[in-house]
Amino acid sequence: MKYLEVGVIAFIVSYILTPYMARVGKKQNMMDMPGHRKIHEEAIPNLGGIVIFFGFLLSLLFVVQIEGQVKALLIGGVIILLLGVVDDIVDLSPKHKFIIQMVPALIVIMYNSDLINNFIVNQLKIFDLLGYLLYPILIFWIVGVTNSINIIDGLDGLACGVSLIALVTFLILGLRQNLEVISLISIALAGSMLAFLRFNFYPAKIFLGDSGSTFAGFMLASVGALWVLNSGNAFFIFIPIIILALPIFDTLFAIWRRYRGHQPIFQADKGHLHHRLLARGISHKNVVIILWGISVICSVIALVLAL
């Protein structure tokens, strides 16, 4: 019942707040402007991150005490959100963003250091001291997934829908193992993003912005890592990778494509999977639905392997 309350409150808050924040964005000129690397042809408000954060936060405040792992995730999430808001306004350099994004990753990792150490000792003992490479791997994972959701946010509703599918998958996994924190975080953010998707799907009235996409990515990465650490099974390291395969591999291919083309790795281009499908004449809406379908397939495979 507690999980249902959290999800419903998150949905209602986000549904009410989204149109209001869209109007605020237009009034304050906080907009995502059209450009040659972008699909939309008119300025769209980009305050979605604030919407999904407040839906997420208020749903938790009404139902549970903010302490322990939830507190650590919220502190990290607030840093990511504020960084995204600043980036939406002044367009920070990728190098500066990566450095700052390591801070919330470290907060989550250090708070869960006992859990990580237990996993290393019990599941990675065959690697001896090399098992402690899990710490830098987790930093790379959290920062990488945070940015991969941002990178895939190129079509109306795409990143929001992919995140929602992954959150529902992590919710099922969390409930299966009675992991309260993972289940609460997943359903709170899923409820908020489901309501937001109503206004973010094509033709979008508001965008996630860097604040929304990186906040969702940070939470997905953290929840995925915590689920693996609680699972007590080293094989399950691959489960979050399968769930988030679409944004992860799209990002990796983008890095490889730019490297081969002697272009800056962080320079935006139109070579992503959604751009390629659009170039084949598939409509904007259908491309999003196709990619959602791929995410659903990945999640089903992950659930079969995990359960």
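The values are calculated or read from the model by the stated rules, or taken from the named source; none is laboratory data. Source: prediction; values computed, not measured. With ideal geometry, Cβ positions are generated from the backbone for all residues, glycine too; neighbour counts draw on all protein chains shown. Quick note on the areas: whole protein, heavy atoms, side chains included, nothing else; ligands and nucleic acids left out. Shrake-Rupley method; radii C 1.70, N 1.55, O 1.52, S 1.80 Å.
For the chain, the number of Lys pairs separated by eight or more positions or lying on different chains, with C-alpha atoms closer than 17 Å, is 6. Need one number: the % of Cα-Cα pairs in segment 192-243 sitting beyond the 14 Å mark. Result: 62 percent of Cα pairs exceed 14 Å. Shape call for segment 1-129 from the C-alpha gyration tensor, a ≥ b ≥ c root eigenvalues: rounded (a/c under 1.5), prolate (a/b greater than b/c) or oblate? Oblate, because a/c is 1.5 or more while a/b does not exceed b/c.
Computed from the Cβ-Cβ distance with R0 of 41 Å, the FRET efficiency linking GLU67 to ALA268 stands at 0.55. For segment 156-221, a Kirkwood hydrodynamic radius built from all Cα pairs, placed in the Stokes-Einstein relation at 37 °C and 0.692 mPa s, yields a translational diffusion coefficient of 275 µm²/s.
Each Lys and Arg contributes +1 and each Asp and Glu -1, all at the Cβ; summed about the Cα centre of the chain, the dipole is approximately 580 debye.
Applying the Kirkwood pairwise sum to the alpha-carbon positions of the chain produces a hydrodynamic radius of 19.5 angstrom. Note on segment 174-291: along the principal axes its Cα atoms extend 45, 35, 24 Å, ordered by decreasing extent.
Note on segment 111-160: semi-axes of the ellipsoid equivalent to its C-alpha gyration tensor, largest first and rounded to whole Å, are 32, 10, 8. Label-to-label distance for ALA279 and VAL103 is 3.9 nm, based on points extended 7 Å past Cα in the beta-carbon direction. Here's how it looks for ASP32: its modeled amide H is under 5 Å from those of ILE44, ASN46, which are all 5 or more places away or on a different chain.
Mind checking the per residue accessible area of the chain for me, 1.4 Å probe, whole number of Å²?
47 Å²
As a size descriptor, the averaged projected area of the C-alpha convex hull of segment 90-210 was calculated at 9.2 nm². Taking every DSSP helix (H) stretch of at least 4 residues in the chain, weighting each as -39,500 (n - 2.57) and dividing the sum by the residue count yields a mean residue ellipticity at 222 nm of -25000 deg cm²/dmol. The alpha carbons of segment 232-290 give a radius of gyration and a Dmax of 14.7, 46 Å, in that order. Within the chain, what whole-number % of the accessible surface is contributed by carbon and sulfur, with the 1.4 Å probe and all protein chains included in the calculation? C and S atoms contribute 67 percent here.
Compute the length gained on full extension between ILE301 and VAL90: take 0.36 nm times their separation in residues and subtract their Cα-Cα distance, giving the result in nm to one decimal. Display every interim value, and only then the final one.
Details: separation 211, 0.36 × 211 = 75.96 nm, distance 4.02 nm.
Working it through step by step, the gained length comes to 71.9 nm.
Distance between the modelled labels on ILE126 and PHE249, one decimal in nanometres: 2.5 nm (7 Å Cα→Cβ projection).
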